[in-house]
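To keep things clear, I will list the structure first and then write my remarks on it.
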Amino acid sequence: MAPLGFATALNMLILPKVDLLDRFHVIRAISQTWGKDMDIGSLSSDLFTKGWHVVRGRLLANIAKSKGENKKKKLKTYKYLFNNRDGLLDLDKRGLPVKHFCTLGAAEGNVDKLVCHRMRGRGCSWS
């Protein structure tokens with residue numbers, strides 16, 4: 001019998017599976033896009049605790065005032081947030097029938113550090 005892959009073993013668990021975006025990358029995208037124009041603390045707090053529908057209007061109003069490359073950048077980040085809106089709300093705010101939450105973590109943050117460390121620090125190759 002062949003060994004089970006990680007995805008197969010994970011699918012065998014009887015647990016609710018929901019998406020949760022890595023907060024570091026969401027906040028970085030928001031800060032780089034709207035950092036000079038909006039209160040990022042309030043925006044991210046509302047986004048993670050109240051949901052997409054609460055911040056959508058503020059973002060659209062700010063985008064409407066923008067021009068040129070700045071507007072394109074804001075539209076790109078807006079689309080990213082819109083396309084991933086189901087993964088933005090904190091798990092405890094979703095009304096899920098689970099009392100204690102745990103995550104498998106976010107791979108993106110770890111990959112950034114690994115690539116930086118291996119390629120710059122130690123000079124290793126990927127093979």
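Among the residues that make up region 79-86, is at least one of them charged (D, E, K, R), modelled with pLDDT of 95 or more and over 26 Å from residue 17 (Cβ atoms)? No, the conditions are met nowhere in region 79-86.
Scanning region 39-79 for residues that are hydroxyl-bearing (Ser, Thr, Tyr), closer than 18 Å to residue 28 by Cβ and surrounded by fewer than 16 Cβ atoms within 10 Å (Cβ to Cβ) yields 42, 45. Which members of region 45-61 meet the condition of being of a type outside the set (Gly, Ala, Ser) and over 21 Å from residue 75 (Cβ atoms)? 48, 49, 50 - these are the residues of region 45-61 that are of a type outside the set (Gly, Ala, Ser) and over 21 Å from residue 75 (Cβ atoms). The criterion of at least 2 residues that are among the small types (Gly, Ala, Ser) and over 14 Å from the mean Cα position of the chain (by Cα) is met by the following helices (runs of 4 or more DSSP H) wholly inside region 10-80: 40-49, 52-65.
The values are calculated or read from the model by the stated rules, or taken from the named source; none is laboratory data. Quick caveat: nothing in here was measured; it's all calculated off a predicted structure. FYI the Cβ positions are ideal-geometry reconstructions off the backbone, even for glycines, and counts take in every protein chain you see.
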